[in-house]
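Chemist: Okay, handing you the structure first.
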Amino acid sequence: MISSLQTITVMVDDLSMFGQDPWWLVLTKAVIIFLILVLLTLFNIWWERRVVARMQHRIGPNVHGPFGLLQSLADGAKLMFKEDIIPKAADKLVFVMAPILSAVPAFVTFSVIPFGPEVGLPFTDRTTPLQLTDMPVAVLFVLAIASIGIYGIVLGGWSSGSTYSLLGGLRSSAQMISYEIAMGLALVAVFLYAGSLSTSEIVAAQDDLWFGLILAPSFVIYTISMVGETQRAPFDLPEAEGELVGGFHTEYSSIKFAMFFLAEYINMAMVSALATTLFLGGWHAPFWIDRVWEGANEGYVPLIWFFGKVLFFVFIFIWLRGSLPRLRYDQFMAFGWKRLIPIALLWIIAVATIRAISLDGGIDRQYLLIGIGILAVLFLVLFFFGEDKLEEEARGPAEATEGGFPIPAMPSGGPVRGAAAPLTFDVPGSPVHSSAAPGPESGPESGPDARKEAPADG
């Protein structure tokens, strides 16, 4: 009980630096964060086009500005001046508000992300942390605000008055809710080791060793979940152009479409910044550079480490988009519910057990290795031995049904799998033999011989 009170006291003392800034400094921080996110979005669009172009042996944007850096700005200006169309069947108020409801929460989540340590302001004696604010439940705040963005996508699909948009909105809601569960479970192990839900406290707890190394399964689960959460390829099912034209934003154009586009890229930066904060030490210097250079974690230098790690995750997003094909929707949902969530639950139990034993007086390394071995076996069983074969055996052979439109009769032995049987033909003049099974209309009057005997028309 005493140790818990001491922990709470330390947390209050560490968070006491927040809430002391004057209004003009808070407003300045908010404006700077807004400008950084807008500029980062323009850069990420250009970077994605250049990286994917290089993967596909193309050049990419290289005309507007140095290295084509102004291409994203030109595209944004083009979208602003395009014709703004509202469908006749749309709910106009909801149709207009949906993009705003999707973009605003993406900006708000960065209010609790620590960009660096406490620094001194130029030309003044005041010091302030490179973070807008912090709270004891900052990570839960990020997850809660990010969930509001789902409403913008769902309402945008519903208010469009289009079937494709509605299906895209429903897909988006199911996908984001499903993968938010896996994402939240992946963060529980971080909370257990850090002893706090404050973002600045979690960064401070990784001063010596990153949680991405000691909690590798949580890191992997979070990385997969953040791709599904942001609806990026290969998990971009809500806007699958081969199935839903454009998904939830099919009917959107001009600046409202640009708002959805902006929300997607800011959410991509948000989950990357959260992964950096929770698993890669936040603004701390990588590879123990601070052991060699004492000023690596002081002043404004940590901004370089923070944005370098964020851009690393953005590159992972781009790499996946240029490398992997889109998943089928049922496979994607089954992977989230039948793989990620059970593995995350097992990992939480293992981490909580090891953590409890360690706090009670240590743990024998032998037992720790045994536990890791059991988890590895469970991982292999879950990944390499799926339930598809068991379900197929449980179904048994399909019974033949009466044929007719729109459902034809199934083969008596069940669905045909694999390639068709090859056809073999003899030399001309001899009977034709085929290894393929005869069709339902086969008989003495069918086949090539019957065609020879048939009278010619006319």
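The values are calculated or read from the model by the stated rules, or taken from the named source; none is laboratory data. Not measured: the values here are computed from a predicted model. Positions of Cβ are generated from backbone atoms using ideal geometry, with glycine treated the same way; all protein chains shown enter the neighbour counts.
Chemist: Can you tell me how many residues in the range 206-217 are surrounded by fewer than 17 Cβ atoms within 10 Å (Cβ to Cβ) and not in a loop (DSSP other than H, G, I, E, B)? Explain how you work it out, then say what you get.
Modeler: In the first step, residues of the range 206-217 are kept if they are surrounded by fewer than 17 Cβ atoms within 10 Å (Cβ to Cβ); the result is 207-209, 213-214, 216.
Pick out the ones that are also not in a loop (DSSP other than H, G, I, E, B) and you get 213-214, 216.
So the count comes out to 3.
Chemist: Under the condition of being aromatic (Phe, Trp, Tyr) and surrounded by fewer than 18 Cβ atoms within 10 Å (Cβ to Cβ), which residue from the range 68-127 is modelled with the lowest pLDDT? Write out each step before concluding.
Modeler: Keep residues of the range 68-127 that are aromatic (Phe, Trp, Tyr), which gives 81, 95, 107, 110, 115, 123.
Right, trim to surrounded by fewer than 18 Cβ atoms within 10 Å (Cβ to Cβ) and you get 81, 123.
Details: Phe81: 90, Phe123: 84.
If we take residues in the range 68-127 being aromatic (Phe, Trp, Tyr) and surrounded by fewer than 18 Cβ atoms within 10 Å (Cβ to Cβ), then Phe123 is modelled with the lowest pLDDT.
Chemist: Just checking, which of Val154, Val203 is closer than 30 Å to Gly281 by Cβ and either aliphatic (A, V, I, L, M) or not in a helix (DSSP H, G or I) (or both)? Walk me through how you get there before you give the answer.
Modeler: Values: Val154 fails: closer than 30 Å to Gly281 by Cβ.
One residue alone meets the criteria, Val203.
Chemist: Please verify whether the range 269-290 includes one or more residues that are touching a residue at least 12 places away in the same chain (Cβ under 8 Å), more than 22 Å from Leu215 (Cβ to Cβ) and surrounded by 18 or more Cβ atoms within 10 Å (Cβ to Cβ).
Modeler: Scanning the range 269-290 turns up at least one residue that is touching a residue at least 12 places away in the same chain (Cβ under 8 Å), more than 22 Å from Leu215 (Cβ to Cβ) and surrounded by 18 or more Cβ atoms within 10 Å (Cβ to Cβ).
Chemist: Please state which one of Ala138, Ala174 is out of contact with any Cys (no Cβ under 7 Å at 6 or more places or on another chain), of a type in the set (Gly, Ala, Ser) and within 26 Å of Leu25 (Cβ to Cβ).
Modeler: On the way: Ala174 fails: within 26 Å of Leu25 (Cβ to Cβ).
Just a single option satisfies the conditions, and that option is Ala138.
Chemist: Hey, could you check the range 180-200 for residues that are small (Gly, Ala, Ser) and not in a helix (DSSP H, G or I) and say which is nearest to Ala350 (Cα to Cα)?
Modeler: Going residue by residue through the range 180-200, those that are small (Gly, Ala, Ser) are 182, 184, 186, 189, 194-196, 198, 200.
Then keep just the ones that are not in a helix (DSSP H, G or I); that gives 195-196, 198.
Numbers: Gly195: 17, Ser196: 19, Ser198: 23 Å.
Here the answer is Gly195.
Chemist: To continue, here is another question. Only one of (1) among the β-branched types (Val, Ile, Thr); (2) surrounded by fewer than 18 Cβ atoms within 10 Å (Cβ to Cβ); (3) in contact with a helix residue (DSSP H, G or I) (Cβ under 6 Å, 6 or more places away or on another chain) is not met by Val137, so which one is it?
Modeler: Here Val137 meets the rest and fails (3).
Chemist: Take the range 96-151 and flag every residue that is aromatic (Phe, Trp, Tyr), free of Cβ contacts under 8 Å to residues at least 40 places away in the same chain and in a helix (DSSP H, G or I).
Modeler: Phe141
Chemist: Could you tell me which of the residues Ser218, Ser178, Ser198, Ser165 is over 21 Å from the mean Cα position of the chain (by Cα) and small (Gly, Ala, Ser)?
Modeler: Values: Ser218 fails: over 21 Å from the mean Cα position of the chain (by Cα); Ser178 fails: over 21 Å from the mean Cα position of the chain (by Cα); Ser165 fails: over 21 Å from the mean Cα position of the chain (by Cα).
Ser198 is the lone residue from the list that is over 21 Å from the mean Cα position of the chain (by Cα) and small (Gly, Ala, Ser).
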